[in-house]
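Q: This structure is in structure tokens; I'll ask about it shortly.
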Amino acid sequence: MVNLEFVRGHNAALKAQTPGLVAVFTGATKGIGAAAALALAKHLNKPAIYIVGRNEEQFNVSQQPRLQALNSDARIVFIRADITLLREIDRVCALIAAVESKVDLLFMSPGFVPVNGPHYTDEKVDKCMSLSHYGRIRLATKLLPLLSASSSPRVLSVLAGGAERRLWADDLSLANNYSVLAAMDHMTALHTLSLARLAAENPHVSFVHAHPGFVGTDVVADAFDAVAPGVFGAMTRALGRVFVVPVFKTFMAMGVEESGERQAFHATSERYPPASASASARAAGENEVSSCSGAEMLGGLHLLDSLGEPRANWKLLRGWVDQGLVEKVWDHSLGVIDAVCAKS
């Protein structure tokens, strides 16, 4: 476990570092992503922070003032976009590339729990799969030129790194095996293997796939609303909000503020270096806190638990690697993305 006080000390020291870090956030208009954006805005030295989301009016009323109050020197930019759509991601990347010469951090945490089965966008891609995997991979690949221009680039994807359990290798689109649990397991596996491919091809970029654990966001309340819509679900929703949600937040979940600080640590700590890092740089990172992982097997990709420690079923992952599933998943993912984006 990375001690919380150590995390806060590391984050507080970021102010002394070189100014001008450029960070791009998706999934940061609420929940874990919003908490991470607040933490980084508080600690960084004159950062440029791009927040990609759908509701600019709400952002300007609630989130923008908080970010600016934490750091008056920060440049906060909101880009209105529906990132369930892959073509919108291309537009967002083009807008950023027109303004910035580099991107130092790409932070991705959008999500959608498919409690009532698949929900297809007008691009004919399931919303959960687009937000959790395809869209994130498209964003990372499109921003790679700007990430490559950074002296210390990092891609941090918050999903379920280290919790890989099952992959439907003969049904990669999950057309025949879709359920809530299947979608979550499958997306985690697809995402880890695709990030491993990206990490291997881009050893100068640090790639982190983090599992946030249970965090006291509104995700449980939102799940009750989705499962029990309409008038007849009112009692279920009320019971959930009155009894289940408070118990979850009080006894099971990490606080949102702590999660934000920890994700800021994951985004900036030398403990998670790129594959190309020198031996001395790796030693410096390991001296911060003891580190041991099988990241080398995955091209340098770091799989982290909620407390910043390496976590994974390495035997399972080794089997997938040996079966050639990294390439199979990568080809599938690019196939889905290219089929959509070619029509744009």
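The values are calculated or read from the model by the stated rules, or taken from the named source; none is laboratory data. Owing to the predicted nature of the structure, the values given are computational and were not obtained by experimental measurement. A quick note on method: Cβ atoms are made from the backbone with ideal geometry, for glycine too, and the neighbour counts reach across all protein chains shown.
Q: Name the single residue that is farthest from L147 (Cα to Cα) among those in segment 19-36 being more than 12 Å from the chain's Cα centre (by Cα) and of a type in the set (A, V, I, L, M).
A: The qualifying residue farthest from L147 (Cα to Cα) is A35.
Q: Take the residues in segment 172-211 that are free of Cβ contacts under 8 Å to residues at least 12 places away in the same chain and not polar (S, T, N, Q); name whichever of them is farthest from G135 (Cα to Cα).
A: Across segment 172-211, the extreme among qualifying residues is L181.
Q: Being over 20 Å from I89 (Cβ atoms), crowded, with 22+ Cβ neighbours inside 10 Å and touching a residue at least 24 places away in the same chain (Cβ under 8 Å): is that true of G135 here? Break it down into steps so the answer makes sense when it comes.
A: On the way: over 20 Å from I89 (Cβ atoms): no; crowded, with 22+ Cβ neighbours inside 10 Å: yes; touching a residue at least 24 places away in the same chain (Cβ under 8 Å): yes.
Taking the combined requirement at face value, the residue does not satisfy it.
Q: Taking segment 102-128, which residues are outside any loop (DSSP other than H, G, I, E, B) and out of contact with any Ser or Thr (no Cβ under 6 Å at 6 or more places or on another chain)?
A: So the first thing to find is which residues in segment 102-128 are outside any loop (DSSP other than H, G, I, E, B), and the list is 105-108, 120, 126-128.
Once the filter is applied, which keeps residues that are outside any loop (DSSP other than H, G, I, E, B) and out of contact with any Ser or Thr (no Cβ under 6 Å at 6 or more places or on another chain), segment 102-128 yields L105, L106, F107, Y120, D126, C128.
Table: residues versus (1) assigned by TED's automatic domain parsing to the domain that holds A28; (2) over 15 Å from the mean Cα position of the chain (by Cα); (3) of a type in the set (A, V, I, L, M, F, W, C).
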site: V103; (1), (2), (3): yes, yes, yes
site: S109; (1), (2), (3): yes, no, no
site: S148; (1), (2), (3): yes, yes, no
site: V155; (1), (2), (3): yes, no, yes
site: V180; (1), (2), (3): yes, yes, yes
site: A183; (1), (2), (3): yes, yes, yes
site: V205; (1), (2), (3): yes, yes, yes
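Q: What is the residue count in segment 188-217 for residues that are of a type in the set (A, V, I, L, M, F, W, C), over 18 Å from L106 (Cα atoms) and surrounded by fewer than 22 Cβ atoms within 10 Å (Cβ to Cβ)?
A: 1
Q: Starting from residues that are under 19 Å from R165 (Cβ atoms) and free of Cβ contacts under 8 Å to residues at least 12 places away in the same chain, keep the ones in segment 300-343 and report whichever is surrounded by the most Cβ atoms within 10 Å (Cβ to Cβ).
A: Looking at the filtered set, the residue picked out is G319.
Q: Looking at segment 54-101 only, could you name the residues that are of a type outside the set (D, E, K, R), out of contact with any strand residue (DSSP E or B) (no Cβ under 7 Å at 6 or more places or on another chain) and not in a helix (DSSP H, G or I)?
A: Within segment 54-101, N55, N71, S72, T84, L85, A98, V99, S101 qualify.
Q: So which helices (runs of 4 or more DSSP H) stay within segment 245-344 end to end and still have 3 or more residues that are at pLDDT below 95 and touching a His at 6+ places or on another chain (Cβ under 7 Å)? Explain how you work it out, then say what you get.
A: Working: elements: 256-268, 279-288, 314-322, 325-341.
Once the helices (runs of 4 or more DSSP H) in segment 245-344 are filtered for at least 3 residues that are at pLDDT below 95 and touching a His at 6+ places or on another chain (Cβ under 7 Å), nothing remains.
Q: Considering only segment 105-123, state which residues are at pLDDT below 85 and among the β-branched types (V, I, T).
A: Result: V113, V115.
So that you can scan it fast, the table gives a plain yes or no per residue for (1) in contact with a helix residue (DSSP H, G or I) (Cβ under 6 Å, 6 or more places away or on another chain); (2) β-branched (V, I, T); (3) surrounded by fewer than 22 Cβ atoms within 10 Å (Cβ to Cβ):
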residue: F59; (1), (2), (3): no, no, yes
residue: Q68; (1), (2), (3): no, no, yes
residue: I89; (1), (2), (3): yes, yes, no
residue: V99; (1), (2), (3): no, yes, yes
residue: L105; (1), (2), (3): yes, no, no
residue: G117; (1), (2), (3): no, no, yes
residue: C128; (1), (2), (3): yes, no, no
